[in-house]
Amino acid sequence: RFPVEDAKVSWKVPWPEYSPVPFVAPSVLVAERSDTNPNGWADSPRPNLAELKHRLSCEGPLFFDADQRPVNPRGRTGVCGRGMLGKWGPNRAADPIVTRWKPGDKRKLQIVAIQRGDTGVWALPGGMVDAGEVVSVTVRREFAEEVGNMASDAERAAFNAAVDELFAHGEVVYRGYVDDPRNTDNAWMETTAFHFHCTADLAVQLPLRAGDDAHNVTWLDVDDAEPRYAALYASHKDWVD
Ligand code: RP5
Ligand code: MG
Ligand code: MG
């Protein structure tokens, strides 16, 4: 990344020397939608304005640069292009915040947290919204993929029954920009974070096993003295707090 000090993040600060590094990850290049790859999950190399008109951002209307690329509403990142993200502009995700009172200590909350396979950092078990998917479906699908990697049919049935009950009552606690390390000047993460509270009885019935892009899963103390919690991925700690 081209180094950007905090005082120069805002686009309102003139900075003629600013020269962001162009980057598109190979994993995005191979997934680009085209005539030969009509089901690719990534956008075409040139931003398609007709398509982008319908891409809604929680941050308001999209703005475009001279190359017709959407501009990150929160400012400069030091990288241009899509980087590791598939879509120009907002890349939508959903995040489940599943809480319980810590067994034996009713004054302390815990959350279901996963260790990300890509960075090793602990995070909410969230993920990207698939094409045509509604976020309320994404949040459950990602939870099941990342922490419900069950070893047997019986365990899977127990997990699904517990999740049915748990996800029946949720509340949206955040909707908007995510300060994700993959963000670029032209592509960024936005999410909807849902809160679901798990009773002690239900927590006993909810087996947790890491799967997909998660390497580990645990009930993590909501406590700044817990280093994995204090360093939670991207803006995840803000929403839990
Ligand atoms: C974060 O990246 C979101 O808050 C969500 O947790 C996650 C989605 O990306 P993957 O986990 O699929 O990499 O910005
Ligand atoms: Mg996932
Ligand atoms: Mg994920």
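The values are calculated or read from the model by the stated rules, or taken from the named source; none is laboratory data. Predicted model, so just to flag it, every value in this text is computed and none were measured. Cβ coordinates were reconstructed from backbone atoms using ideal geometry, including for glycine residues, and neighbour counts include every protein chain displayed. Surface areas here come from the heavy atoms of the whole protein model, side chains and all, with no ligands, DNA or RNA. Shrake-Rupley method; radii C 1.70, N 1.55, O 1.52, S 1.80 Å.
Can you put Arg76, Arg175 in order of accessible area, largest first, using a 1.4 Å probe?
Numbers: Arg76 25, Arg175 140 Å².
Reading off the accessible areas and sorting them downward yields Arg175, Arg76.
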Checklist entry - Counting only heavy atoms of protein chains, what accessible area per residue, in Å², does region 91-240 have with a probe of 1.4 Å? => result 45 Å²
Next on the checklist: What is the angle, in °, between the Cα long axis of helix 135-147 and the longest principal axis of the Cα atoms in the chain? Nearest 10 is fine, range 0 to 90.
Outcome noted: 60 degrees
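Whole number please: convex hull volume per residue of the Cα set in the chain, in Å³?
With only Cα atoms used, the chain gives 146 Å³ per residue.
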Checklist entry - Counting pairs of alpha carbon atoms under 8 Å apart in space and at least six apart in sequence, what relative contact order in percent does region 91-240 give? => result 35 percent
Checklist outcome for this item: Here, Ser152 and Gln68, labelled 7 Å along Cα→Cβ, have an inter-label distance in nm of 5.8 nm
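At 0.36 nm per residue, and after removing the present C-alpha to C-alpha distance, how many nm does the segment from Phe2 to Asp130 gain when stretched out fully? Walk me through the intermediate numbers first.
Values: separation 128, 0.36 × 128 = 46.08 nm, distance 3.11 nm.
Gain on stretching Phe2 to Asp130: 43.0 nm.
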Next on the checklist: Check which residues have an amide H placed less than 5 Å from Trp188's amide H, if you skip close sequence neighbours.
Outcome noted: Gly89, Asn91
Next on the checklist: In whole percent, and with a 1.4 Å probe on the protein chains, what portion of the accessible area of the chain is carbon and sulfur?
Outcome noted: 54 percent
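Could you pull out the pairs from Lys102/Lys237; Lys12/Lys53; Lys8/Lys108 whose alpha carbons sit more than 28 Å apart here?
Details: Lys102/Lys237 18 Å; Lys12/Lys53 24 Å; Lys8/Lys108 39 Å.
In this structure, Lys8/Lys108 lie more than 28 Å apart at Cα.
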Next on the checklist: What's the ranking of 103-110, 121-128 by average number of surrounding C-beta atoms within 10 Å, highest first?
Outcome noted: 121-128, 103-110
Checklist entry - Per residue, what volume in Å³ does the Cα convex hull of region 118-158 take up? => result 104 Å³
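Can you check what the net charge comes to around Gly126, using other residues whose Cβ is under 12 Å from the Cβ of Gly126 (Lys, Arg +1; Asp, Glu -1)?
Details: positive: Arg92, Arg116, Arg140, Arg141; negative: Asp95, Glu142, Glu145, Glu146, Asp180, Glu190, Asp212, Asp213.
Once all neighbours under 12 Å are counted, the net charge is -4.
If you place +1 on the Cβ of every Lys and Arg, -1 on the Cβ of every Asp and Glu, and leave all else neutral, what size is the dipole of the chain about its Cα centre, to the nearest 20 Debye?
Rounded to the nearest 20 debye, it is 360 debye.
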Item to check | Spacing of the two label points (7 Å from each Cα toward its C-beta) at Trp15 and His54, in nm | outcome: 3.5 nm
